[in-house]
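> One structure, as structure tokens, below. Some questions next.
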Amino acid sequence: MTNVDDIISGIDTLRPIPPVAAQIMALAEDENSSMSEIADLIVHDPSLTASILKICNAAYFGLSRRVDSVRDAIVLLGLDEIIELVLLNATAENFRDEPDGYGLGEGELWQHAVLSAYAAKILAESHGFTSQKHLVFTAALLKDIGKIIMGRFVAFSYEKINILVHSRGYSFNEAEKEVIGINHEELGARVGQKWRFGDQLIYMIRHHHMTDKTARDDPETALVYLADIICMMIGFGTGVDGLAYRFYSEVLDRMKLTEKDLQNVIFDTGQRRQKLDKLLYLV
Ligand SMILES: [Fe+2]
């Protein structure tokens, strides 16, 4: 078994979320924060401002006039869209390269992360979790960050993991834990601790495959779990582990979601996918 401490030390090879993005994440989760507080944070960071304006002026958004200020961008695109762009911009760098071991092509982990984030947001907005939508978006975006570090260890142990998954009924994350001593959920939570994420965000990353029964009672984690399943069903950014996780139908029941509701979210997410290809490489 690989030394787990060696794997955890790989967190230092990631590019940490810039402090300004972390502050914006915290403000976005606070119902009492105002648009001007968030705009001020962006305005006082020239590099973030330049990135946001460049993205907003891309043809993708189809704006009728040029956007020259952050406040303009917020007025034209809405604060939610700008917060999401900040989050995508802060995390993209880590997700660009394909990790070994998961059978993903170039950019596929990033595609999956971004589509999961939008699927989670669609679920949150359509099922009464509006105030939590940025937290859910962020958790879904970052849930598989552990894979970036785990990849080469998974590649090294892939045969053993494969046997457990295909012959002994393990889910992929259970097999990672058994063979390597840690799985990508736990490692993702370690990243969150190191980068001083809030407890709830760390919990959602840690339990996004819901192997732990108690996590199935947590509605926000359930949204991230369902978003992951939806993206796997759509087949976007799905690698060798794509069909190797468990589906807990009781999560749908507890969330009072019918299969029809799920189909509607799959449809809406699929529509969003059509637009995402261009956005993925803008941030
Ligand atoms: Fe995962």
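The values are calculated or read from the model by the stated rules, or taken from the named source; none is laboratory data. Nothing here was measured: the structure is a model prediction, and the numbers come from that model. No Cβ is skipped: glycine too gets one built from the backbone with ideal geometry, and neighbour counts run over all protein chains shown.
> For the stretch 187-202, give me the residue count where each residue is in a helix (DSSP H, G or I) and either more than 11 Å from the ligand (Cβ to nearest atom) or β-branched (Val, Ile, Thr) (or both).
Of the residues in that region, 10 qualify.
> Before we move on, is Ile163 over 22 Å from Asp97 (Cα atoms), away from the ligand (no atom under 16 Å from the Cβ) and in a helix (DSSP H, G or I)? Can you show your working first?
Numbers: over 22 Å from Asp97 (Cα atoms): yes; away from the ligand (no atom under 16 Å from the Cβ): yes; in a helix (DSSP H, G or I): yes.
Answer is yes for this residue.
> I need the full set of residues from the stretch 244-273 which are in contact with a helix residue (DSSP H, G or I) (Cβ under 7 Å, 6 or more places away or on another chain) and part of a loop (DSSP other than H, G, I, E, B), in order please.
Ala244, Tyr245, Phe247, Tyr248, Met255
> What residue, of Ile234, Ile180, Ile205, Ile230, is surrounded by 21 or more Cβ atoms within 10 Å (Cβ to Cβ), within 16 Å of the ligand (Cβ to nearest atom), among the aliphatic types (A, V, I, L, M) and at pLDDT below 95?
Only one candidate passes the filter, namely Ile230.
> I'd like the full set of residues that are among the aliphatic types (A, V, I, L, M), part of a loop (DSSP other than H, G, I, E, B) and near the ligand (Cβ under 10 Å from one of its atoms), limited to the stretch 208-227. Spell out the reasoning first.
Of the stretch 208-227, the ones among the aliphatic types (A, V, I, L, M) are 210, 215, 222-224, 226-227.
Cutting the leftovers down to part of a loop (DSSP other than H, G, I, E, B) gives us 210.
Once the filter is applied, which keeps residues that are among the aliphatic types (A, V, I, L, M), part of a loop (DSSP other than H, G, I, E, B) and near the ligand (Cβ under 10 Å from one of its atoms), the stretch 208-227 yields nothing.
> Is it the case that some residue within the stretch 36-50 is in contact with a Pro (Cβ under 9 Å, 6 or more places away or on another chain) and in contact (Cβ under 8 Å) with a residue 24 or more places away in the chain?
At the first step, the residues of the stretch 36-50 found to be in contact with a Pro (Cβ under 9 Å, 6 or more places away or on another chain) are 45, 47-48.
Still in the running and in contact (Cβ under 8 Å) with a residue 24 or more places away in the chain: 45, 48.
Checked the stretch 36-50: at least one residue is in contact with a Pro (Cβ under 9 Å, 6 or more places away or on another chain) and in contact (Cβ under 8 Å) with a residue 24 or more places away in the chain.
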